[in-house]
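Trainee: I have a structure here, written as structure tokens, and I will follow up with some questions on it.
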Amino acid sequence: MRTGIIGRGVSGLAAARLAEAAGHKIKFFEDTPCSPEKTSICILAGFDLLIVSPGVPPCSPVYLAALASGVELISEMEFGARHFGGPMLAITGTNGKTTTTELTVHLLQALGVDARPAGNIGFPLCDICADILDGRTGKGVLPVIEVSSFQLERCFKFNPFAAVLLNITSDHLNRYHDCMDEYAATKFKIFDRIPVERRVAGLSLRETSEFKLPVCEGNKITVSGDGLRYDEKLIVRQQETQLNGPHNLENLAAALELVQIYLGGDALFSPVLKKAVCEFTTGRHRLEQVAEHSGVVFINDSKATNPASVIVALQTVSVPGRKNVNIILGGLDKNMDFSSLLGVSDFMKKGFITGQCRQAIFDTLSRSFPCELFDTFKDAVTAASRNSVAGDIVLLSPACASMDMFKDYKDRGDQFRDLVSNPDIIHQ
């Protein structure tokens, strides 16, 4: 079988590894700028299957040529799913995917399941499948897949055992023609081949969604005060855990829903599970305190790449009634609507705005609280630090992607941590 792979990033390399392990003959096609005349549709038409990496935009010449070739075009995740013979769990949503995936894996592993994080979290599903074919991993592994909308676009047979859709807020609208309905419809695809009783909708999504959700009957866990209950029995109180904020209560509820669907409700009351819940901590770059100097707290929330996640951050770390947050915003624009941040302006002392879309953010927010533009990230961090006094918070919560100035959100968070650890930056 001749298989063409579009994109040579992490997903493309994983797809190539699985394809070769399965006996395919492969050829890479790069996502490089070229005119439609130079894009060889005829060459692509000579393949039996085309696999596209999620980072390749649908408007790129090679993607358009692949569509025009008439050859089946699928995502790396779809290719992996077609080669995986066992059950899978899947998690999507605009925010909270990574934490919920990590938490689900942590809980299942504590209960003796060989669960592995996969998908958008950094471990392509194709790599897990290739490991099985190569004998490096046993066949009993359970992938818990963090699924992006980009991966779902070219999925046609993806059929997880159960799935969660956490939430839908403004993001990636540059890819979806500024149309939230198109973005939402792509997210809903995660449920296409899942029975309604194994579909889970995030707690707030069920209550406030502006979209017509597919039927979801997998939700069995309820919130009572700050605790989560199943069949009216208390599982855990949030104050017993290391998960702060209402968003993390929703993430925990979603992870527990997947546990009860996969293992049954009795598993939720295992002492082993409660211990695992209470021990779990979120990963780096998510409301991570990285420094404190002279009473000023520095928080790295670099993973906040859209306005909704910034709102969650402010609601979690700020002190009601005090304008004590100096926030660093800006980065790569995804045609998002930043006006929702006006609703949390009461938390803001000042906005320090940098990156490719800094002017758009400034124009939206400067009517409500002081904002200033900066040419470099270092200048913004320095100014925010020097504008702070004891009791203030310097919060990196950019509301934007990072790739205008950084390798990824982790690189951005690491650079923030390094800057605020430098005495020359934080002191005048």
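The values are calculated or read from the model by the stated rules, or taken from the named source; none is laboratory data. For clarity, every value in this text was computed on a predicted model and none was experimentally measured. Cβ sites come from the backbone with ideal geometry, for glycine too, and all protein chains shown count toward neighbours.
Trainee: For region 270-296, name all the residues that are within 25 Å of the chain's Cα centre (by Cα) and assigned to a helix (DSSP H, G or I).
Mentor: Matches in region 270-296: Leu273, Ala276, Val277, Cys278, Glu279.
Trainee: Let me ask another. Which ones in region 87-114 are in a loop (DSSP other than H, G, I, E, B) and modelled with pLDDT under 95?
Mentor: Taking region 87-114 first, the residues in a loop (DSSP other than H, G, I, E, B) are 87-88, 93-96, 111-114.
Hits for region 87-114 are Gly93, Thr94, Asn95, Gly96.
Trainee: In the list Asp404, Asp414, which residue meets the criterion of being of a type outside the set (Gly, Ala, Ser) and out of contact with any Gly (no Cβ under 8 Å at 6 or more places or on another chain)? Spell out the reasoning first.
Mentor: On the way: Asp404 fails: out of contact with any Gly (no Cβ under 8 Å at 6 or more places or on another chain).
After ruling out the rest, the residue left standing is Asp414.
Trainee: Taking the options Ile361, Ile299, name whichever one is of a type outside the set (D, E, K, R), under 22 Å from Met403 (Cα atoms), touching a strand residue (DSSP E or B) at 6+ places or on another chain (Cβ under 6 Å) and part of a helix (DSSP H, G or I).
Mentor: Values: Ile299 fails: part of a helix (DSSP H, G or I).
Checking each option against the conditions leaves just Ile361.
Trainee: Tell me yes or no: at least one residue of region 83-98 is assigned by TED's automatic domain parsing to the domain that holds Gly135, surrounded by 14 or more Cβ atoms within 10 Å (Cβ to Cβ) and farther than 30 Å from Thr241 by Cα.
Mentor: Within region 83-98 (the criterion being assigned by TED's automatic domain parsing to the domain that holds Gly135, surrounded by 14 or more Cβ atoms within 10 Å (Cβ to Cβ) and farther than 30 Å from Thr241 by Cα), the answer is yes, since at least one residue qualifies.
Trainee: Further question on the same structure: Of the conditions (1) within 26 Å of Asn159 (Cβ to Cβ); (2) assigned to a loop (DSSP other than H, G, I, E, B), Asn244 clears all except one; give me its number.
Mentor: Status for Asn244: all satisfied but (1).
Trainee: Inside region 386-415, can you point out the residues that are within 24 Å of Leu332 (Cβ to Cβ), part of a helix (DSSP H, G or I) and over 20 Å from the mean Cα position of the chain (by Cα)?
Mentor: Of all residues in region 386-415, those within 24 Å of Leu332 (Cβ to Cβ) come to 394-415.
If we keep only those that are part of a helix (DSSP H, G or I) too, we end up with 409-415.
Gln415, the sole residue that qualifies.
Trainee: Here is a follow-up. Check Leu249, Leu329, Leu287 and return the single one that is in contact (Cβ under 8 Å) with a residue 24 or more places away in the chain, crowded, with 24+ Cβ neighbours inside 10 Å and of a type in the set (A, V, I, L, M).
Mentor: So the residue among Leu249, Leu329, Leu287 that is in contact (Cβ under 8 Å) with a residue 24 or more places away in the chain, crowded, with 24+ Cβ neighbours inside 10 Å and of a type in the set (A, V, I, L, M) is Leu329.
Trainee: So Thr3 ticks every box in (1) crowded, with 19+ Cβ neighbours inside 10 Å; (2) out of contact with any Gly (no Cβ under 7 Å at 6 or more places or on another chain); (3) of a type in the set (S, T, N, Q); (4) at pLDDT below 95 but one. Which box is left unticked?
Mentor: (4)
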